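Asker: Please see the structure below; I have some questions.
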Amino acid sequence: MLLVSHAAQKDIHASTFDQMFRLRAEQFSTRRGWRVNVDAGREIDRFDALNPLYICLLGQEGHLLASLRLLPTIGPHMLSDVFPEVMGETGIVRNPLVWESSRFCVDTNAIRDFGDDGINIVTRAILGGLFATARSAGLEQVVSVYDIFVERILRRSGCQFERLGPVVKYDDLKTVAGLFAVKENPLSNITQGRRAVTGLLAA
């Protein structure tokens, strides 16, 4: 099941939100060693206080498989407030039809089912959910900041995007920004292995 919810609805989806913040702590702090704030086993930053829109992929019995966060670029967001250097000459995006995707997180231990190109079907499903949600909201583009490792995964998943600026090192992590055209992104490519993805979402 795909759950799309604003932070203001956290009391309604308390279990999912708690799983999301715990998964973020595990993946970003424990597994990848990022310098993020973890409190009581949960990774929560200042942008979570801005009522972002969360997209969560749930499996059987409500188990969180993947999640990400969307914020409008007309207000504070990570590219404007934390990683402006990766935008290079492009400059900071401020557009009501362009939102930022961040905190992309997949529980790779929960589902070990991969497509022919080696991409986890959970990764495909959450990306499909991202673009479907963006289309429904009338967004024209999605902008995001990520490291080179994630960029390779996005390319192999079938995403089409433009790198906006230079590669910048933050704590020795090579980081870039990308701009995704929502209408032009081929969801048919992102959701290759449709049977597996459909079965996952229906779980």
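Asker: Testing the spin-label approximation: label points 7 Å from Cα along Cα→Cβ at Asp45 and His6. State their distance in nm.
Answerer: It is 2.2 nm.
Asker: Still on this structure, please answer the following. Going from most exposed to least, what order do Glu100, Glu140 have by accessible area with a 1.4 Å probe?
Answerer: Working: Glu100 0, Glu140 95 Å².
Largest accessible area first, the list is Glu140, Glu100.
Asker: Quick one: which of 120-130, 17-27 comes out on top by average Cβ neighbours within 10 Å, and what's the full order, highest first?
Answerer: Order by mean packing, descending: 120-130, 17-27.
Asker: Taking θ as phi - 60°, what are the ³J(HN,Hα) couplings along segment 140-148 by the Karplus curve (6.51, -1.76, 1.60), each to the nearest whole Hz, with x for Gly and Pro?
Answerer: Computed from phi, the couplings for segment 140-148 are 9, 8, 10, 10, 8, 10, 7, 8, 4 Hz.
Asker: Order the following by accessible area, largest value first: Asp171, Asp48, Asp11. Probe radius 1.4 Å; ligands, DNA and RNA are ignored.
Answerer: Asp11, Asp171, Asp48
Asker: Based only on the alpha carbon positions, what is the Kirkwood hydrodynamic radius of segment 1-130, in angstrom?
Answerer: 15.6
Asker: I've got another one for you. Once Rh is set to the Kirkwood radius over Cα pairs, what Stokes-Einstein translational diffusion coefficient, in µm²/s, holds for segment 71-176 at a temperature of 37 °C and a viscosity of 0.692 mPa s?
Answerer: The calculation lands on 221 µm²/s.
Asker: Same structure, new question: Relative contact order for the chain: what percent, with Cα pairs under 8 Å and sequence separation of 6 or more?
Answerer: RCO, the chain: 20 percent.
The values are calculated or read from the model by the stated rules, or taken from the named source; none is laboratory data. Note that the coordinates shown come from a computational prediction; the quantities given were computed from them, not determined experimentally. Glycine gets a Cβ as well: all are built from the backbone with ideal geometry, and neighbour counts include every protein chain shown. With ligands, DNA and RNA removed, areas are computed over all heavy atoms of the protein, side chains included. Shrake-Rupley method; radii C 1.70, N 1.55, O 1.52, S 1.80 Å.
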